[in-house]
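Quick note: the coordinates plus some simple rules give every number you see, no bench work behind them. On a predicted model such as this, the values are computed, not experimentally measured, just so you know. Counting neighbours? That spans all protein chains shown, and the Cβs are built from the backbone with ideal geometry, glycine included.
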């Protein structure tokens, strides 16, 4: 059986996620999470009846929700039953939205199902409960929060709405800076073509770029900044660019952070008003002790402290790796979106504090969950959507984030702005911004 002080820590954390810091301290005395009416205090107006989630099966496969799920007022319910009734003058909710919320925001499923990982060691979105139960496109923790506020009002408690508004957070992962990385690239292109390793068409392009008559095709930062600048200033948060500063695996970045090109690019985006973050390497995602070294390297190049992070390949693999991130000085992260399916991985569309369900205590890291990534939409090994399908799906996600006054976190790589016939992303990105700028009330 779990210790009561640990359950209380989990409860306090979950209520803060649901109610927000500004409401939690005020409203906590009105809410009980108790199986018995006798255990409730006199101030309690709303009792949420525990489902037994924090019992002896905690952390075991037997504690996972069973499909199909029931619903409470139209929202999928992971634990408890959709019963609401008054008992002794108190509103009693048998829908365990505490356990349901905790399950999603702590990545509890990933802790229990450690045998489920993809070829990169990540928990796949298609195997997740939100995807299997069909609500990956809905931030149901935000729906629980709205229900909790509604129930408190029905119980006679005055509850204010969250003090936030819909916002957009554009982000860009810099995996590769240049297609042609060497001054003698034309010679390399010729030799590569002779050996059958490179296409002949690269020879004239690399020569023109080497002579300075044309920009490298992956140097799309000016284009990206121009589109980001079209966003309504009242809606947009500062764009964040994540740069790599380490990693030796075949999946890691193809540039030296100490190079002149890297330094000039960092200077360009920083002077635009954008934030700079660490793009933790694929290798450090496996060996989290490397995160501190990579962060220190990036700080040396930038000349200022770095506190933001996103893992390369979105590979914050195991929950416990958060402690290495915190030790390195990372307090802001945006790694937690699924690579293979866009949507609401943590059930929220706003920044929340992260919590370790193994040690049952907060990390001290604020997570800005990623909602949509470019290659998630178009890659044939992920969602494989054409332009029209991708836009329609993104519209649904935007509408959900707007409905809950959420934060729409989006990721587009500089490599996805290369003008090729098969690549719809350069025009799609601008189209997405037009949709984000559009007043939702007009729809």
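What is the Cα convex hull volume of region 280-427 when expressed per residue in Å³?
Dividing the Cα hull volume of region 280-427 by its residue count gives 132 Å³.
Given the options 425, 270, 172, state which has the largest fluctuation in a GNM of the chain using a 10 Å cut-off (strictly under) for Cα springs.
270
Using the alpha-carbon atoms, what tilt in degrees (0 to 90, nearest 10) does helix 291-302 show relative to the longest principal axis of the chain?
50 degrees
With contacts defined as alpha carbon pairs under 8 Å and 6 or more residues apart, what's the relative contact order of the chain in percent? Mind dumping the intermediate values first?
Values: 764 pairs, mean separation 74.0, N = 443.
Contact order relative to length: 17 percent.
When the scattering of region 208-309 is computed by the Debye formula from its Cα atoms alone, each counted once and equally, what is log10 I(q)/I(0) at q = 0.10, 0.17, 0.22, 0.24 Å⁻¹?
Per q value, in the given order, log10 I(q)/I(0) is -0.33, -0.87, -1.19, -1.29.
By per-residue mean of other Cβ atoms within 10 Å, what is the highest-first order of 324-336, 47-59?
Descending mean neighbour count gives 324-336, 47-59.
Please give the helix 387-403 orientation as an angle from the longest Cα principal axis of the chain, in degrees from 0 to 90, rounded to the nearest 10.
The helix 387-403 is inclined about 40 degrees to the chain.
In nm, what is the difference between 0.36 nm times the number of residues separating residue 111 and residue 222 and their Cα-Cα distance?
Separation in residues times 0.36 nm, less the Cα-Cα distance, equals 35.8 nm.
Compute the long axis of helix 4-19 from its Cα atoms, compare it with the longest principal axis of the Cα atoms of the chain, and write down the angle in degrees, 0 to 90, nearest 10.
In the chain, helix 4-19 runs at an angle near 70 degrees to the longest axis.
Using a 7 Å offset from the Cα along the Cα-to-Cβ direction at both residue 420 and residue 66, what is the distance between the two label points in nm, to one decimal?
4.9 nm
How many Å³ per residue does the convex hull of the Cα positions in region 39-138 occupy?
Per residue, the Cα convex hull of region 39-138 comes to 114 Å³.
Roughly how far apart, in whole Å, are the Cα centres of region 118-149 and region 322-380?
The two parts, judged by their Cα centres, are 12 Å apart.
Where does each of 237-248, 427-438 land if you order them by average Cβ count within 10 Å, highest first?
So the order, starting with the most tightly packed, is 237-248, 427-438.
Calculated from DSSP H runs of 4 or more alone, at -39500 (n - 2.57) each and per residue, what is the 222 nm mean residue ellipticity of the chain, nearest 500?
Only helices count here, giving -10000 deg cm²/dmol.
Give me Rg/Rg_expected for the chain, where Rg uses Cα atoms only and Rg_expected = 2.2 N^0.38 Å with N residues.
1.07
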